[in-house]
Amino acid sequence: MFFKTKIFNVFFPLLSIFILNTSYSQSSSPLNGQFSTSLFKKGTSWTWHYYESGNLNKTYSEEKYTVLKKKGPKVTFLLSSRVGKENVFSKRYKFKVNLRICEQKWKRRNYNPSFVIKIWQRVNEAWTPMGRTGKSLLFEEKFNCNSQLTSKVSSYSHPWFGENSVVGPSKEGSFYFEEGPMKGVLSHKSFNPGTPHFYLMLLKESTL
């Protein structure tokens, strides 16, 4: 009887610790600001506005990302923009991303390939290839797959989406929505704060 009691006294605390750790891990994992691959559906788009000096009445430019195609972990985006008083969006770039590489980047040490595997630039109404790999910033600035941002959570009063929890800043200075349908999408980013060239980028529209 003494032997059984001793085993119980040792085993039960260990089991309790395991359950608590597992419970914490499961409860925190959906709130880490990482996108889900289900976020990227054909036709979905996001539009970010750049504001001069952070003034929401001074729109400098707009940038729209639209999902053109998704096949497995590979997603193709169209990047369009309009600047100043332009009335319509102009196609600028098209690029293909491998989401699996993006996710693995933060799980494996010294693993840093470009997850933008193809990129094209719009020239004279035609798509011109720019090589098989491109700048990951095109994707990484706008969507988060870095699980290491979990400890940097703050509240942000977004002018279009209200009070939200955000994760960041990333190494690019981006802040991402922490939870909800836009989890992992760029909420806001500041460029050159405290200088005459200060711009604030904010998500303005989403078709989610």
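The values are calculated or read from the model by the stated rules, or taken from the named source; none is laboratory data. In this text, all values refer to a predicted model and were calculated from it rather than measured experimentally. Please note: Cβ atoms are built from the backbone with ideal geometry, for glycine as well, and neighbour counts cover all protein chains shown.
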May I ask you to say which residue of 82, 108, 100 is without any contact (Cβ under 8 Å) to a residue 60 or more places away in the chain and part of a strand (DSSP E or B)? 82
Residue in the stretch 60-69 that is farthest from the chain's Cα centre (by Cα), counting only those that are of a type outside the set (A, V, I, L, M, F, W, C) and surrounded by 16 or more Cβ atoms within 10 Å (Cβ to Cβ): 61
Selection count where residues are out of contact with any strand residue (DSSP E or B) (no Cβ under 6 Å at 6 or more places or on another chain), farther than 27 Å from residue 152 by Cβ and assigned to a loop (DSSP other than H, G, I, E, B), scope the stretch 56-79: 2
Run residue 38 past the list (1) surrounded by 11 or more Cβ atoms within 10 Å (Cβ to Cβ); (2) at pLDDT 50 or above; (3) out of contact with any strand residue (DSSP E or B) (no Cβ under 7 Å at 6 or more places or on another chain); (4) under 30 Å from residue 100 (Cβ atoms) and report the number of the one that doesn't hold. (1)
In the stretch 137-185, how many residues are polar (S, T, N, Q) and either without any contact (Cβ under 8 Å) to a residue 24 or more places away in the chain or assigned to a strand (DSSP E or B) (or both)? 7
Could you identify the single residue in 159, 113, 169, 73 that is under 23 Å from residue 200 (Cβ atoms) and more than 15 Å from the chain's Cα centre (by Cα)? 159
Selected residue (criterion: farthest from residue 143 (Cα to Cα)) from residues of the stretch 192-208 that are modelled with pLDDT of 95 or more and among the hydrophobic types (A, V, I, L, M, F, W, C): 198
Has the stretch 113-130 got at least one residue that is touching an Asp or Glu at 6+ places or on another chain (Cβ under 6 Å), acidic (Asp, Glu), over 14 Å from residue 75 (Cα atoms) and at pLDDT 85 or above? no
Of everything in the stretch 34-79 that's touching a residue at least 60 places away in the same chain (Cβ under 8 Å) and hydrophobic (A, V, I, L, M, F, W, C), which residue is farthest from residue 150 (Cα to Cα)? 56
Options 208, 138; residue that is within 18 Å of residue 33 (Cβ to Cβ) and among the aliphatic types (A, V, I, L, M): 208
Please verify whether the stretch 81-96 includes one or more residues that are touching a strand residue (DSSP E or B) at 6+ places or on another chain (Cβ under 7 Å), at pLDDT 95 or above, small (Gly, Ala, Ser) and surrounded by fewer than 16 Cβ atoms within 10 Å (Cβ to Cβ). yes
